[in-house]
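Data block below; observations after.
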Amino acid sequence: MNSDESFDSLTYADQMHLAERELASFIGAVTELFGPEEARLSAGDWLDESELMDCPPRATSRDWRAVTVAASARLASRLTVARDRRALVASTDTKVSPIPSPNCFCFKLLV
């Protein structure tokens, strides 16, 4: 193994360590804030975003924080859609609790 190959291997190992740390921190925060299901989905988002980066896989430097930011944007979008769906369901819920009125015949029977 020549010195260039040794340097490349060391750089690649360093990048993998940085990526693992960034992903672990991101997933830990998502788990704490939103639970394990969102963390699982967000881990997939993070990995997808890391594959979309514009640099070759064995590049000497990658911006892992940018991957986290992109995955966070996906998480925010997913949470916003879920919140909007819940609001829509709540606004279309037409269940009304009956409140007896003093003008109601049944109310007069109870008195």
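Observations
- Formal net charge of residues neighbouring D45 (Cβ-Cβ distance under 14 Å; K, R +1; D, E -1): -3
- Model label points for R74 and T92, set 7 angstrom from Cα along the Cα-to-Cβ axis, are 2.8 nm apart.
- Across segment 40-47, computed HN-Hα scalar couplings (Karplus, 6.51 cos²θ - 1.76 cosθ + 1.60, θ = phi - 60°) run 5, 5, 5, 4, x, 4, 4, 5 Hz from first to last residue, x flagging Gly and Pro.
- Annotation: per residue accessible area for segment 19-78 equals 62 Å², rounded to a whole number [probe 1.4 Å, protein chains only].
- Integer Hz, Karplus 6.51/-1.76/1.60 couplings in order for segment 74-84, x for Gly and Pro: 5, 4, 4, 5, 4, 5, 5, 4, 5, 5, 5
The values are calculated or read from the model by the stated rules, or taken from the named source; none is laboratory data. Owing to the predicted nature of the structure, the values given are computational and were not obtained by experimental measurement. All Cβ positions, even for glycine, are placed from backbone atoms using ideal geometry, and neighbour counts span all protein chains on display. Quick note on the areas: whole protein, heavy atoms, side chains included, nothing else; ligands and nucleic acids left out. Shrake-Rupley method; radii C 1.70, N 1.55, O 1.52, S 1.80 Å.
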